[in-house]
Each structure stands twice: as C-alpha cells, then as structure tokens.
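To keep things clear, I will list the structure first and then write my remarks on it.
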2 protein chains.
Amino acid sequence: MFPKRLSILGTGLLGGSIGLAVRSRISNCKITGYGHRAATRENAVKIGAVDQSYDNPSNAVRDCDLVILATPVGVFESLLQMIAPALSPGAIVTDVGSTKRNIVQLAEKILPAHVHFIGSHPIAGSEKRGVDFARADLFENAQCLITPTSTSHAEALAAVEGFWRQLGMRTLQLSPAAHDQYLADISHLPHAVAAALVLMQSQAALDLAGKGFIDTTRIASGDAGLWRDIFLDNRDNLRNGAERLRQNLDRLIEMLDQGDGAAISQWLEQASRRRDELLQKKLKDLGS
Amino acid sequence: MFPKRLSILGTGLLGGSIGLAVRSRISNCKITGYGHRAATRENAVKIGAVDQSYDNPSNAVRDCDLVILATPVGVFESLLQMIAPALSPGAIVTDVGSTKRNIVQLAEKILPAHVHFIGSHPIAGSEKRGVDFARADLFENAQCLITPTSTSHAEALAAVEGFWRQLGMRTLQLSPAAHDQYLADISHLPHAVAAALVLMQSQAALDLAGKGFIDTTRIASGDAGLWRDIFLDNRDNLRNGAERLRQNLDRLIEMLDQGDGAAISQWLEQASRRRDELLQKKLKDLGS
C-alpha cells in the first residue's frame, strides 16, 4: 500500500483534511506533519490528522515515501530548499497549490535527481480557514488536476494519481501552463471580481444587499495571504482573463446603449443555459 | 383590516408568494389575480395564492383597495394603461419591480388622480421561476424598499408600508433615484458580472469549475426577460457601476504589475472583512 509514510507540510484546512482522509481510507500509513504555529501542530495531532507534528519541515519529511506541500504557495520555495537534503531516495513529492507553472519549475530545479516531483491541485476547499474545519470527506467526488511535465517520472505520476483516487477524487492530467490558464478564468478571476464587487460598494448600497449578493461574493471571504500568492503567481493569466471579462461587459453595455432588448435576452439566456448545464453536470459528478 | 380586496397582477414566484403570505397573515382578504398564461392562472388558484384568476387585468382590479404589479417590469406601462379606467377611487397601487425611477414616473403619469401609487421593491426572490416555487414565507425578515415622491399620498404610503410589514418585512424609504443607484451596484451589476463570468469561459475551463464558481454565478441562472427589462431600465447606473468595478479591478492589476504583495493582501483583507461584516449583519437580521 502506498504511501507507507506520508508527510504533510502545512496542516491547515487542506493538509488536515488529507490526514483525516488518509486515516479513513488507507491502512497502516504513518503520517507526520509540519506546522508553522504551535496551536496548529497541537490541533492536527488532537483531531487525528497526523500522528506526529514537527516545527521543522526537514524532520517532518525524513523516511517518508510521499510528501505533500500544503502551505500557502508563497512558502513553497523555501520549503523545497529546506526539505531537499532530508528527502529519501525515491521519495515522491507533490503539492496542493492552486497555481502550477512556477511551482513545478521550482520543484524540478530545487529537488535532487533521486526524488520525483509531480504537481497536483485538488479542487476542494472552503472559504473557512484552519485545521479545525478539516474534514475526512473533503475530497470525495471532487476533481484533482495533475500537471506532469516531459521530465516527470512515469511511476511517480501513477502513484500520485492513485493516491488522490484513493481519497475519492476524479483525476485529470493537463500541462502546468494549461492548468494556470484555465484556473485563472474559472477560479482566480472570479475571486478577484468578488472582492472588487465588495470593495466598490458604498455602505448605503451594502445595507440593501440580498441573498444574491451574499452568494456571489462568498469566495471574497477567503484567506488573503493565500490568494495574494495565487494572484502574484498567475498574474499574466489573471490580467488576460480580466480583459476578456471586460470585453463581455462592454458588449452588454453596447447592447444597452442600442436598446437592443432581443440581443440582451439572448446574452442573458446563453449565460443562464451554460450555468444550468454546468450545475447539472456537477450534480451528476457528485452522484446526487 | 387592509387590504380587504387585493389584486395581484402577475402570479409568478413573487406574485404567488404574496398571495400565499397574505392568506396566512391577513384575515378576510379576497385575492384576485391576473395571469398571462392559462397554466399560471390555474396553478395560482390551485395552490391557493388567489381566490380567482383573470386573463384580463381590468377585470382583476375591479373593486380592489390594493393592487400590486408583479409582472416583469417591461409590461408595467401597458398594464397601468389597461387598469387605469377600471380602478376604484381611493385604490392604492404598488409594485414589486426591481427598478423604480421610470416605474414611479409612469404610474404617476398614467394613473388617475383618485388613485394613489407608491413604489415598492421587496428584496426577496429566487433564481427559480413560476408560481410553483411560490412560498408563504418568502418575505419573512427580508427588506422592502419603498420609494415615495414629493407627491405621494401620506396615508397610501403608510398603508403600503404597513402591508409589507404584515408580511413580515422590514421596510426602508428612499427616493426612486437613490434606489436605482444602490440597486445597480448591489444587485444589477453583480448579475451582469455573473453572466459575463459564465460567458467568457472556454468549455475546458468550465469543466474545471469548483463549488466557488457555481456559487458565484448562481444569480446568472435568473429569468432572462426579467433581467433584460431591469438592465434596460437602469442602464445609466449599470454603466456607472461597471466603470467603478473596472477601476477596482484595474487597481488590483496595477498592484500585481508592481508585485506589491502587501498592498494586494490589504486589498483582499478589506474585501474579506467587509463581506464578513455584511454576512454577520444579515444573519442578525434573519434572527439566526
């Protein structure tokens, strides 16, 4: 059974949930964790997400066959440098970062040749923060994107893909570049827009907010440090997405200026239909 | 008890819910309805939203002391022209339209002097459509905006405000102009943005959508005809809001170009904090 010894670097909501999910689905796996804060380390052990927790990443990865980077993306570079000398030959390293191009490049550069890196992005999470919100079923029926490169080790790739499947995920392989482009559109830009929609409001307008506004801006309540790192890492795609969003809104305003009711209906219906199709597909994926 | 005879013109989700709410909270009120489609008329009677349903608005308003326009906004003008000769002296007319400037102006122009119009906008609803989704509790603890003008009849204003309160709503008075400006920012623009966020996606990106995207774009599943009317009616404010949203997104992109992580964190934290405050306030309003 793989892994026999798992190391989770960063035991927040995602890292903690990985620990709980492994515990409930993979037998005889020893789990060590690294946490920056003492409270996080203690809670990770207390809720059973890890067997042992270290304040030093090198100690946390020793003798492990699988290591998962689960801190905010901005910490990955220093984390990789710290663990590189401590990793066992043949160890597989993956991550849960929301961006992939830079991470994959960094890991392939920093890690020694006897270690195999495969980038992962499990699309699961919450606007909640911290190990206290960790859940063993966070990954069930969700999608995990895996981003191999031309130099990826085939067995390591299969092992990482198998690992996420054991946690109940569907997996999909795509290049780091395609990943970052699609995720900018479907996740990073919507987050930026939700934040901008909140920031542009006057207090008088906010007082009139209904359920629609609350839902539309839910993702704006995410962790600021985490999203800062994602935005900085994927800024080129984010800029491109913002430009295309602008073009779509400009098209609406043009139709409004022309008073073209039929075209506006069509524009709205197309959005409504695509969103409904998406929802049906998601419900089907979830088996509900 | 007011009203004794209520007429609901348009018995969809909102109109139907008004009927059900009146039935459960106001005794001895006879409710007549007008519906465009035969199926809607039949269902409105069947679920008990109205006592009697007409295919002609003039017949539906005869002898009523309160008339509520609950069709899409685009139909209001012809509706007002049709009912004007049939309204009883002293009758009060209100509406549930999502825009107010043009509606209030139209009503004050078209309706005879012996009838009193007061604009209303109950902020309640759903992306669902039709009388089948009507609910007696749709208005409970929600907010109703009331938009009197300098010529509004004081007693009619008090009566309309009292009516919505009887349905369990909190009421707030503001001018039609202020209403349309705030609602463009907090409701109409978010809807347009949700639709644009769906339309800009490639199919490959849509296939990677997570729960965040589904929630952010929920309102894009609304009724296209209804939103077309709202957008056309409030196009100046919508254009202004889109411009301010763009400025906020441009500010983010500027910070990204400068690699200013501290400023990006601050931008994100401010959005997160304002949204959390809003959520807390809403939960408090709902008494949960």
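Read the figures in this text as sums done on the coordinates, not as results from a lab. Fair warning: this is a prediction, and the values are worked out from it, not measured in the lab. Cβ atoms come from the backbone with ideal geometry, glycine included; neighbour counts cover every protein chain shown.
At a glance:
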{"read-out": "Cα-based reach from residue B:282 at 16 Å (exclusive), listing aspartates and glutamates while leaving out same-chain residues under 8 positions away", "value": "A:207, A:215, B:140"}
{"read-out": "Rg/Rh ratio calculated on Cα atoms of the range B:53-197 (Kirkwood radius)", "value": "0.96"}
{"read-out": "Across A:46/A:128; A:128/A:211; A:211/A:284, pairs whose alpha-carbon gap is larger than 28 Å", "value": "none"}
{"read-out": "Rh (Kirkwood; distinct C-alpha pairs) - the range B:20-121, Å", "value": "14.0"}
{"read-out": "Inter-label distance for residue A:25 and residue A:171, nm, one decimal - labels placed 7 Å from Cα along Cα-to-Cβ", "value": "1.1"}
{"read-out": "FRET efficiency, 1/(1 + (r/R0)^6) with R0 25 Å, evaluated for residue A:203 and residue B:77 via beta carbons", "value": "0.15"}
{"read-out": "As computed over the range A:111-158, the Cα convex hull volume per residue (Å³)", "value": "127"}
{"read-out": "7 Å along Cα→Cβ, label-point gaps from residue B:140 to other copies, nm, shortest first", "value": "3.1"}
{"read-out": "Derived scalar couplings ³J(HN,Hα) [the range B:176-189; Karplus, 6.51 cos²θ - 1.76 cosθ + 1.60; whole Hz; x for Gly, Pro]", "value": "x, 5, 5, 3, 5, 5, 5, 5, 4, 6, 8, 9, 6, 5"}
{"read-out": "3J(HN,Hα) from dihedral phi, the range A:88-103, Karplus parametrisation 6.51/-1.76/1.60, rounded to Hz, x for glycine, proline", "value": "6, x, x, 5, 9, 10, 9, 8, 10, x, 7, 10, 10, 4, 5, 4"}
{"read-out": "Beta bridges per DSSP with both ends in the range B:55-194, % antiparallel, nearest 5", "value": "35"}
{"read-out": "Per-residue HN-Hα couplings for the range A:211-218 [Karplus 6.51, -1.76, 1.60; θ = phi - 60°; Hz; x = Gly/Pro]", "value": "4, x, 5, 4, 5, 4, 9, 3"}
{"read-out": "10 Å Cβ neighbours from other chains, averaged over peptide A:173-185", "value": "2"}
{"read-out": "Overall Cα dimensions of the protein assembly as shown - principal axes, largest extent first, Å", "value": "91, 43, 38"}
{"read-out": "Diffusion constant of chain A at 10 °C, which comes from Stokes-Einstein with the Kirkwood Cα-pair radius and 1.306 mPa s, µm²/s", "value": "78"}
{"read-out": "Anchor residue A:109: lysines whose Cα lies under 30 Å away (excluding residues fewer than 8 positions away in-chain)", "value": "A:4, A:30, A:100"}
{"read-out": "Cα centroid separation - the range B:163-225 against the range A:32-100, whole Å", "value": "41"}
{"read-out": "Using a 7 Å Cα-to-Cβ projection, residue A:46 label spacings across copies, nm, ascending", "value": "5.6"}
{"read-out": "Interchain or long-range residues, amide H under 5 Å from residue B:119's placed H", "value": "B:147"}
{"read-out": "Kirkwood-Stokes translational diffusion coefficient of the range B:178-257, alpha-carbon pairs, 10 °C, 1.306 mPa s, µm²/s", "value": "114"}
{"read-out": "Antiparallel bridges, percent of DSSP beta bridges restricted to the protein assembly as shown (to nearest 5)", "value": "20"}
{"read-out": "Pseudo-label separations to other copies for residue B:273 - Cα-to-Cβ vector, 7 Å, nm", "value": "4.5"}
